[in-house]
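A quick write-up on the structure given underneath.
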Amino acid sequence: MASSSRSLADDIRGRSDAQLIELVLARPDLARPAPADLTSLAARAGTRASVQRAVEALDRGHLQVLEAVMVAGDAADRGDLLRLLGTDDAATVETLVEDLWSSALLWRGADGHHVVRTVPEVLGTSVAGLGAPMRELRPSSPAEHASPEHIAAVVAEAPDDARAMLERMTWGPPFGVLPTATPGRVTARWLLEHHLLVPVSADRVALPREVGLVLRGGRLHRGPELTPPAVEARTVSLVDAAA
């Protein structure tokens, strides 16, 4: 187990030889050409190009966990991750987190795991089909507008047509065009006035991440896909018979 670190570079410098070999095997581009030292290796591991290659190579389970760590925020506890992933399989989640650490998409600090700074750039603002956080969409918004309890209470009071509009945006994309017809504009105006939608241009609105999570029941995805689907094995004789 590596010691707590203050940055990705610090984390990589603290890894054992075996852990460094595991990192390079997971991300072979880090060794081409051979880095001069561990600081150079860490710098290369944090570049957008290398991180993008590593993210694109992830299977569904590892990607879902990486998204959950990013959405939960720095040093989120395992309970937060389990809730976001919609699972109680703590052992599998822990294994996937450690895999992401081994491949240097996460680094381990004294307060928990952190995503490498270029991961959000690669995943983009619509992580798992969610919008950007309220504070990014509207920095002047009071903190209570992003509170799950406040959001749930407002949603509970929303008219049926407003709820229907929210449902269409719940699983993404988290953007919409303001309706031109009167009934739709009235509905959108109600959602804007109650801070469930945020204007991003003269005719476009966004569903803030916090609102999307409440509408999804606190889950990132409709269901967790943390393990690869089972593959049915067939004997040679069965394959020949089918042919």
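Quick note: the coordinates plus some simple rules give every number you see, no bench work behind them. For clarity, every value in this text was computed on a predicted model and none was experimentally measured. Quick reminder, even Gly has a Cβ in these numbers, built from the backbone with ideal geometry, and neighbours come from all protein chains shown.
Please arrange Ser103, Ser140, Ser147 by how many other C-beta atoms lie within 10 Å of their C-beta, fewest to most.
Least crowded to most crowded, the residues run Ser140, Ser147, Ser103.
Among Val69, Val97, Val211, Val24, which comes first, second and so on when ranked by fewest other beta-carbon atoms within 10 Å?
Result, fewest neighbours first: Val24, Val97, Val69, Val211.
Using a cut-off of 12 Å between beta-carbons, work out the net charge of the residues near Thr118 (Lys and Arg +1, Asp and Glu -1, Thr118 not included). Write out the running numbers ahead of the final one.
Values: positive: Arg44, Arg48, Arg53, Arg117; negative: Glu121.
With Lys, Arg at +1 and Asp, Glu at -1, the net is +3.
Computed over the Cα atoms, what is the radius of gyration of the range 188-231 divided by 2.2 N^0.38 Å, N being its residue count?
1.69
Relative to the compact-globule scaling 2.2 N^0.38 Å, provide the ratio for the alpha-carbon radius of gyration of the chain.
Scaled against compact globular proteins, the figure is 1.22.
Which of Leu106, His145, Leu66 sits farthest toward the positive end of the charge dipole of the chain, with +1 on the Cβ of Lys and Arg and -1 on the Cβ of Asp and Glu?
His145
Tell me, rounded to the nearest percent, the portion of alpha carbon pairs in the range 131-215 spaced more than 23 Å apart.
Above the 23 Å cut-off, the range 131-215 has 11 percent of its Cα pairs.
Could you tell me how far the Cα centroid of the range 17-61 sits from the Cα centroid of the range 158-224, in Å?
Here the two parts' Cα centres lie 39 Å apart.
With all distinct Cα pairs included, what does the Kirkwood hydrodynamic radius of the range 8-125 come out to in Å, to one decimal, could you say?
After inverting the pairwise mean of 1/r, the radius is 14.4 Å.
Could you check the simple spin-label distance between Arg219 and Leu25, using points 7 Å along Cα→Cβ, in nm with one decimal?
So the label points at Arg219 and Leu25 sit 3.5 nm apart.
Near Asp99, within a Cβ-to-Cβ distance under 14 Å, what is the net charge of the other residues, with Lys and Arg +1 and Asp and Glu -1?
It works out to a net charge of -1.
Name the residue farthest towards the positive end of the dipole of the chain from the options Pro199, Pro228, Pro133, assuming +1 on Cβ of Lys and Arg, -1 on Cβ of Asp and Glu, about the Cα centre.
Working it through, the farthest residue towards the positive pole turns out to be Pro199.
Taking every pair of alpha-carbon atoms in the range 67-183, give the share separated by more than 26 Å as a whole percent.
Percent of Cα pairs beyond 26 Å in the range 67-183: 33.
Could you work out the helix-only [θ] at 222 nm for the chain, with each DSSP H run of four or more residues adding -39,500 (n - 2.57) and the total divided by the number of residues, to the nearest 500 deg cm²/dmol? Don't skip to the answer; put the middle values down first.
Values: 14 runs with 122 residues, N = 243.
Rounded to the nearest 500, it is -14000 deg cm²/dmol.
Apply the Debye scattering formula to the range 45-110, with a single equal point scatterer on each alpha-carbon and no solvent, then give log10 I(q)/I(0) at q = 0.12, 0.21, 0.25 Å⁻¹.
-0.28, -0.86, -1.17
Computed on alpha carbon atoms, what radius of gyration and Dmax characterise the range 118-163, expressed in Å?
Cα radius of gyration and Dmax of the range 118-163 are 13.5, 40 Å respectively.
Considering the zone a paramagnetic label at Ser7 would reach in this model (a point 7 Å from Cα along the Cα-to-Cβ line), which residues of the range 67-108 have amide N under 16 Å from it?
Flagged as within label range: 107-108.
How do Thr180, Thr170, Thr187, Thr227 rank when sorted from fewest to most other Cβ atoms within 10 Å of their own Cβ? Spell out each step's value before the answer.
Values: Thr180 8, Thr170 17, Thr187 22, Thr227 13.
If I rank by nearby Cβ atoms, fewest first, I get Thr180, Thr227, Thr170, Thr187.
So, with +1 on the Cβ of K and R and -1 on the Cβ of D and E, and no other charges, what is the size of the charge dipole of the chain about its Cα centre, to the nearest 20 debye? Don't skip to the answer; put the middle values down first.
Details: 25 positive and 32 negative charges, 136 e Å.
That gives the chain a dipole magnitude of about 660 debye.
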